[in-house]
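Peer 1: Handing you a structure now.
The values are calculated or read from the model by the stated rules, or taken from the named source; none is laboratory data. In this text the structure is predicted, and so the values were computed from the model without any measurement. As a convention, Cβ positions derive from the backbone with ideal geometry for all residues, glycine included, and neighbour counts pool all protein chains shown. For the accessible areas, the whole protein counts, side chains as well, though only heavy atoms, and no ligand, DNA or RNA atoms are used. Shrake-Rupley method; radii C 1.70, N 1.55, O 1.52, S 1.80 Å.
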Amino acid sequence: MSLPGLHLTRIGQGRYLMEPSDGLDVSQRDELLDAVLHRLQQGQASLLYYDLGNVPLIDDIYYSWLDVLARACTAINVRMVCVQMQPTAAFALSSLLRGPPPFDTALTVET
């Protein structure tokens, strides 16, 4: 599935990889959320890897998008894991957190 600024690929065994690009407009999160959740449910997903390798900074708006996506994934029984987070994004994310994030993190998809 390809949405403007977002690519969602099935990588096997109920796992999906989501890759955002510069064109991702998280201010349109309701439409994005609906499309992503629909695709995950259709494919009987159990795990969503969200690739943050091209996201240099996580601000309030982007964290809000990650938060709502992770919580919605939990509601449909899909675990979300953010992978390949850049150090600058991790540092910015740490300043936004007031508790554990609703998603897991890993270095890569393999870990």
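Peer 1: Which of the following residues is open to solvent by less than 50 Å² (accessible area, probe 1.4 Å) and of a type outside the set (S, T, N, Q): L32, L57?
Peer 2: On the way: L57 fails: open to solvent by less than 50 Å² (accessible area, probe 1.4 Å).
Going through L32, L57 in turn, just one is open to solvent by less than 50 Å² (accessible area, probe 1.4 Å) and of a type outside the set (S, T, N, Q): L32.
Peer 1: In this structure, is A70 surrounded by 15 or more Cβ atoms within 10 Å (Cβ to Cβ), small (G, A, S) and farther than 24 Å from P4 by Cα?
Peer 2: Numbers: surrounded by 15 or more Cβ atoms within 10 Å (Cβ to Cβ): yes; small (G, A, S): yes; farther than 24 Å from P4 by Cα: no.
No; evaluated as a whole, the condition is false for this residue.
Peer 1: What number of residues in segment 9-29 are closer than 16 Å to Q84 by Cα and either open to solvent by less than 20 Å² (accessible area, probe 1.4 Å) or touching a residue at least 40 places away in the same chain (Cβ under 8 Å) (or both)?
Peer 2: The total comes to 4.
Peer 1: Give the residues of segment 35-54 that are surrounded by 13 or more Cβ atoms within 10 Å (Cβ to Cβ) and in a helix (DSSP H, G or I), sorted by residue number. If you could, list the steps in order and put the result at the bottom.
Peer 2: Taking segment 35-54 first, the residues surrounded by 13 or more Cβ atoms within 10 Å (Cβ to Cβ) are 35-37, 39-40, 43, 45-54.
A35, V36, L37, R39, L40 - these are the residues of segment 35-54 that are surrounded by 13 or more Cβ atoms within 10 Å (Cβ to Cβ) and in a helix (DSSP H, G or I).
Peer 1: Taking the residues in segment 64-110 that are free of Cβ contacts under 8 Å to residues at least 12 places away in the same chain and in a loop (DSSP other than H, G, I, E, B) as candidates, determine which candidate is nearest to D25 (Cα to Cα).
Peer 2: Looking at residues that are free of Cβ contacts under 8 Å to residues at least 12 places away in the same chain and in a loop (DSSP other than H, G, I, E, B), I get L97.
Peer 1: Sticking with this structure for a sec: Got at least one residue in segment 77-97 being of a type in the set (K, R) and modelled with pLDDT under 95?
Peer 2: Start the filter on segment 77-97 by keeping residues that are of a type in the set (K, R), which leaves 79.
With the extra rule that they be modelled with pLDDT under 95, the set shrinks to none.
No, that holds for no residue.
Peer 1: Could you please give the count of residues in segment 78-104 that are open to solvent by 40 Å² or more (accessible area, probe 1.4 Å), in contact with a helix residue (DSSP H, G or I) (Cβ under 8 Å, 6 or more places away or on another chain) and either closer than 11 Å to L52 by Cα or of a type in the set (F, W, Y) (or both)?
Peer 2: Qualifying residue count, segment 78-104: 1.
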